[in-house]
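Visitor: Quick one: the structure is below, questions incoming.
The values are calculated or read from the model by the stated rules, or taken from the named source; none is laboratory data. Here the structure is a predicted model, which means the values were calculated and not measured. In this analysis, Cβ positions are derived from the backbone assuming ideal geometry, glycine residues included, and neighbour counts consider all displayed protein chains.
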Amino acid sequence: MPERVLVIDIGKTNAKAAVVETAGLAQIDFIARPSRVLPGPPYPHADTEGIWAFLLDAIRALHARHRVDAISITAHGATAALLDTEGALALPVLDYEYPGPDALATAYDAHAPAFAETGTPPLPGGLVVARQLFWQFATFPEATARTAWILPYPQYWAHRLTGVLATEATSLGCHTDLWNPAARDFSSLVDARGWRRLMPPLRRAADRLGPVTAEVAAATGLDPATPVHCGIHDSNASLLPHLQSQPAPFAVVSTGTWVVAMAVGGRAAGLDPDRDTLMNVNAFGDPVPSARFMGGREWELTRPDPLPEPAPVGHLLARDLFLLPSVVPGSGPYPQRAAQWIGPAQTSPAERTAALSLYLAMMTATCLDLIGADGPTLVEGPFARNALYVAMLRAATARPVLLPAPGSTGTSLGAALLALPAPPPARPQPAAVPPPDPALAAYAARWRELVARP
């Protein structure tokens, strides 16, 4: 078993290289930088060369400090790389927030597979990978004529490290319209568009693709035999530790730029494609009912600066102060609604901070309800440190909310598990959020009442 795994974690907001010590399964070091979007031409796209230069420097520095034995990869979804026969990008990696694909939305919708087949809701911009590809192939025919391979984003970075081409189900199965979760195979659209020939071999997230290339070994000081594992979609990296340690039913809420709720063994629920519910695919290839909204982005757009201590919930109730959805429209459980403040015209930063945290918890509770979540809810990521958020989530769901021990889970640690034999090392038990103040339940009921109004 490797003693230290270097995890490449490419998020929408930040790119990170982290070292995970496997004996205690703890992250012991990391280096990060922003994930920049370049303006084009030909469209806004990921700064892949900037990230690559950063990764080589970060790997060299971290390996010099810790002597890593293996590499694993996790990256955000809704992103694919088109490679030519030489392994270079045929087109830049599209920023999924770019609205360009909307120009061909009607044409794409005429070809899109049914929600029942792929579990992919209709989403704007480039949030559906097949929609990106449809637009790219129609808009840039010369470049796409050179396309020899289509790679999910984690496997793009695996290819740069190893030269090995692969696809993998957690990234293919996350709102792409490219994957049929029930059949565990590519969707009918992939065959209809002639894209199956462009898909590299399907590998498991934990598979060793190969050692690093000689060029990577020379640039970083890594042992040329250092294995690189195939990689995993970031929300599924957060889910993996709990699949290996938590009895069903349970739910995981992964928080970051996106808040992603995933239900394991929950109540049967008919997913609603018009409310941004979807079917994810976990590291073992199993379908996972999921829902999400852009909670981290909403927090950054709305929070006061500097951030004060939040006002008491009872005070907000007395003032009848509420934030209603959606701060970022177009996705989430209320995609057609625009954000609305209810209450007095003049509010303090402390009041707005509290109302924002409560709003985010109510949006999360709505997502959990839509996917039939049952049992305890484990909260991952930065929102786990927001005491008001987790207390409201406990009140709004009327089910236990668990907070994993600091440093015991997360995307980097979940990705590191791919390099380890089962069973993984024992981890500290999560802590339960205490029963909530009754004022939180009253606030939740009032928020739902306001949202239900036409």
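Visitor: In the set GLY314, GLY332, GLY343, which member is under 20 Å from ALA452 (Cα atoms), surrounded by fewer than 18 Cβ atoms within 10 Å (Cβ to Cβ) and small (Gly, Ala, Ser)?
Guide: Answer to the selection: GLY343.
Visitor: Oh, and also: Only one of LEU278, LEU317, LEU301 is assigned to a strand (DSSP E or B) and in contact (Cβ under 8 Å) with a residue 24 or more places away in the chain; which?
Guide: Answer to the selection: LEU278.
Visitor: Here's something else I'd like to know. Tell me, which strands (runs of 3 or more DSSP E) lie completely within region 1-108 with 3 or more residues that are closer than 30 Å to GLN244 by Cα and modelled with pLDDT of 95 or more?
Guide: 4-10, 14-21, 26-34, 70-75
Visitor: Quick check on my filter: what residues within region 1-57 are among the aromatic types (Phe, Trp, Tyr) and either under 20 Å from TYR96 (Cβ atoms) or touching a His at 6+ places or on another chain (Cβ under 8 Å) (or both)?
Guide: Scanning region 1-57 gives TYR43, TRP52.
Visitor: Is at least one residue of region 75-98 over 21 Å from THR167 (Cβ atoms) and either hydrophobic (A, V, I, L, M, F, W, C) or surrounded by fewer than 21 Cβ atoms within 10 Å (Cβ to Cβ) (or both)?
Guide: Yes, because at least one residue in region 75-98 is over 21 Å from THR167 (Cβ atoms) and either hydrophobic (A, V, I, L, M, F, W, C) or surrounded by fewer than 21 Cβ atoms within 10 Å (Cβ to Cβ) (or both).
Visitor: Within region 213-241, which residues are farther than 23 Å from ARG67 by Cβ and assigned to a strand (DSSP E or B)?
Guide: Scanning region 213-241 gives ILE232, HIS233.
Visitor: Only one of these is modelled with pLDDT under 95 and either on the phi < 0 side of the Ramachandran plot or not in a helix (DSSP H, G or I) (or both): ALA365, ALA405. Name it.
Guide: Answer to the selection: ALA405.
Visitor: Would you confirm whether or not region 417-430 contains a residue that is assigned to a helix (DSSP H, G or I) and within 19 Å of the chain's Cα centre (by Cα)?
Guide: Yes; the residues of region 417-430 include at least one that is assigned to a helix (DSSP H, G or I) and within 19 Å of the chain's Cα centre (by Cα).
Visitor: Given the conditions (1) at pLDDT 95 or above; (2) within 30 Å of PRO430 (Cα to Cα); (3) crowded, with 21+ Cβ neighbours inside 10 Å, report the number of the one that GLU380 does not fulfil.
Guide: (1)
Visitor: Still on this structure, I have one more. Got a sec? Which of ALA283, ALA311 is outside the structural domain of THR176 (by TED's automatic domain parsing), over 22 Å from ASN236 (Cβ atoms) and of a type in the set (Gly, Ala, Ser)?
Guide: None of the others qualify; the one that does is ALA311.
Visitor: Going by the conditions given, is ALA205 among the small types (Gly, Ala, Ser), out of contact with any Pro (no Cβ under 6 Å at 6 or more places or on another chain), assigned by TED's automatic domain parsing to the domain that holds SER326 and within 20 Å of SER290 (Cα to Cα)?
Guide: Against the criterion (among the small types (Gly, Ala, Ser), out of contact with any Pro (no Cβ under 6 Å at 6 or more places or on another chain), assigned by TED's automatic domain parsing to the domain that holds SER326 and within 20 Å of SER290 (Cα to Cα)), ALA205 does not qualify.
Visitor: Here's another thing I want to ask about it. Considering only residues that are within 17 Å of ALA361 (Cα to Cα) and touching a strand residue (DSSP E or B) at 6+ places or on another chain (Cβ under 8 Å), which ones fall in region 302-324?
Guide: Answer for region 302-324, where residues must be within 17 Å of ALA361 (Cα to Cα) and touching a strand residue (DSSP E or B) at 6+ places or on another chain (Cβ under 8 Å): THR302, LEU316, LEU321, PHE322, LEU323, LEU324.
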